Amino acid sequence: MRKVGVIRSSFDPITESTIQYALKLRKDKQLDGIVFEVNEEGILSKKEREGLLKYAIKPYRKLLLKKKKEDQIIYQEDYIQKDEKEVQQGQFYKAAHGIKRKLLGEGYYLKEILYHHCKESRARHSEAVAKVCVELAKEHHVDEKKAWMMGMLHDITKNKEDSYQEALIKKYHPEILDYSPKVWHSYTAPHFLKTELGIQDQGILKAIENHTLGRGHSKLDYILYIADKCEPTRGYDASKEIKLSKENLRKGFELVMKEAEEYRNREE
Ligand SMILES: [Fe+2]
Ligand SMILES: [Fe+2]
């Protein structure tokens, strides 16, 4: 008969510190295994959280998802994961090692991350951009998940203080230090996304870097640039631009770019 301990929590998602806690608990209490039991409430569905748990405990023989009828429960605990909120806000490096790539791959918690780091109006703009990105991606056979992700996250550092932006620009992109601070966020966002979320996809990172100046020439670059300018919450009719972009992405990009330039000149 196995002697097991049960840890109940939301595991939303399972974090690395919890894995370590469970391993230590098993040893200290000399148990044959620790069973993780998922609570009802969470941002992700119970099924999604159990799916993540499965990945997270894969390397460990003595961490379990289900108890057997004949198991003897020696110990149980309602456990609150200390760093769960932080993972939900984008510190994916605190998630259990086995699930980091899964979190990114599925696009989990992107909305929570967005609303945590941005003002509400900025977050709403980003959601609208993501929608247009997906629309254009569909039309041009581009990975829709990537398109959605870059739309959601392209302005993620825009509401951070100038001092944060400036320090990063000085260190990693001194060549644009003389540019308007309005441009900085497109260069600091990829850094943030790499270090916090662990995003490695160069297509996404480059498109985000290029979204203000419009210097990129990949499909993702064009899509994000167009979507950022043409999303509906900006409040003007961009149906002509969207229609052209669906027919011919490069031509759509050139039109939006030209109009943005004209607008800037008028403003000046
Ligand atoms: Fe932006
Ligand atoms: Fe934007």
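Taken together, the values in this text are just the output of simple stated rules run on the coordinates, not laboratory data. Every value quoted in this text rests on a predicted model; they were computed, and no experiment measured them. Neighbour counts run over all protein chains shown; Cβ positions are idealised from the backbone, glycine included.
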Taking amide hydrogens as modeled 1.01 Å from N in the peptide plane, which residues meet the under 5 Å criterion relative to Glu231, leaving out close sequence neighbours? none
If I model a spin label at Lys194 and Glu247 as a point 7 Å from the Cα along the Cα→Cβ vector, what separation in nanometres do I get? 4.0
Mean Cβ-within-10 Å packing, highest first, puts peptides 238-249, 128-139 in the order 128-139, 238-249
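Using per-residue counts of other Cβ atoms within 10 Å, averaged over each peptide, order 78-89, 146-157, 106-117 from highest down. Please list the in-between numbers first.
Details: 78-89: 16.7, 146-157: 25.7, 106-117: 18.7.
So the order, starting with the most tightly packed, is 146-157, 106-117, 78-89.
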Enumerate the aspartates and glutamates that Lys46 could reach by cross-link, defined here as Cα to Cα under 13 Å, with residues fewer than 8 away along the same chain left out. Asp12, Glu37
Rounded to the nearest 0.05, what FRET efficiency is calculated for Glu139 and Lys170 with R0 set to 51 Å and r the Cβ-Cβ distance? 0.80
Can you list residues from other chains, or at least 5 along the same chain, whose modelled amide H is less than 5 Å from the amide H of Ala95? Glu16
For the residue pair Lys62 and Glu112, what label-to-label distance in nm results when each label sits 7 Å from Cα along the Cα-to-beta-carbon direction? 3.0
Subtracting the Cα-Cα distance of His97 and Glu254 from 0.36 nm times their residue separation yields 52.2 nm
Mind checking the dipole of the chain: about its Cα centre, +1 per Lys or Arg Cβ, -1 per Asp or Glu Cβ, Debye to the nearest 20? 1340
So what is the 222 nm mean residue ellipticity for the chain from helices alone, if each DSSP H run of at least 4 adds -39500 (n - 2.57) and you divide by all residues, rounding to the nearest 500 deg cm²/dmol? -16500 deg cm²/dmol
Apply 1/(1 + (r/R0)^6) to the Cβ-Cβ distance of Leu23 and Lys240, taking R0 = 41 Å, and write down the FRET efficiency to the nearest 0.05. 0.10
Which of the residue pairs Lys219/Lys251; Lys3/Lys68; Lys146/Lys219; Lys158/Lys229; Lys3/Lys82; Lys102/Lys146 have a Cα-Cα distance greater than 19 Å in the structure shown? Lys3/Lys82
